[in-house]
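Trainee: For reference, the structure I am asking about is given below.
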Amino acid sequence: MLEAVIDSPAALAMLPAKKEVILGGNSTAAFDVAGLYKDMHAIAAEAAALDVPIPGMQAAMAQVMQAIGHGYASRDVASLTPYFIEAVNAADRQPRAESLWKA
């Protein structure tokens, strides 16, 4: 699937260069997660000053902060893709409240 996106006209110019990181590999961070959070924080502060609600941004910031807490601050932002995939997969492996009642 990633190859199809990379080869499409809609692909971002940097996508081929980030392929290895997206697939879980390591690379030198061109734009790190800490920098992303800093920029998000600046946007959120401006939105707050203008009294503009940004619930989507706040949710995204919470997720990025979790990634930072797991050691992703100095990693390239493309590393968030495998991080979020693993976070979703880990959440899916957690027992649900309904299943606890049936046990």
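Any read-out appearing in this document is the output of simple, stated calculations on the displayed coordinates, not a laboratory observation. As the structure is a prediction and not an experimental result, all values here were calculated from the model. Cβ: placed from backbone, ideal geometry, glycine included. Neighbour counts: every protein chain shown.
Trainee: Semi-axes, largest first, in whole Å: what does sqrt of 5 times each Cα gyration tensor eigenvalue give for segment 32-76?
Mentor: The answer is 21, 10, 6 Å, longest axis first.
Trainee: Now for a different question. Going toward the positive end of the dipole of segment 29-102, with +1 on Lys and Arg Cβ and -1 on Asp and Glu Cβ, which of PRO55, HIS41, ASN89 do you reach last?
Mentor: Farthest towards the positive pole: ASN89.
Trainee: With a Förster radius of 30 Å, plug the Cβ-Cβ distance of ALA87 and ALA47 into 1/(1 + (r/R0)^6) and report the FRET value to the nearest 0.05.
Mentor: Details: r = 25 Å, r/R0 = 0.84.
In this case the efficiency is close to 0.75.
Trainee: Take VAL77, VAL52 and order them by how many other Cβ atoms sit within 10 Å, fewest up front.
Mentor: Ordered from fewest to most neighbouring Cβ atoms within 10 Å, VAL77, VAL52 come out as VAL52, VAL77.
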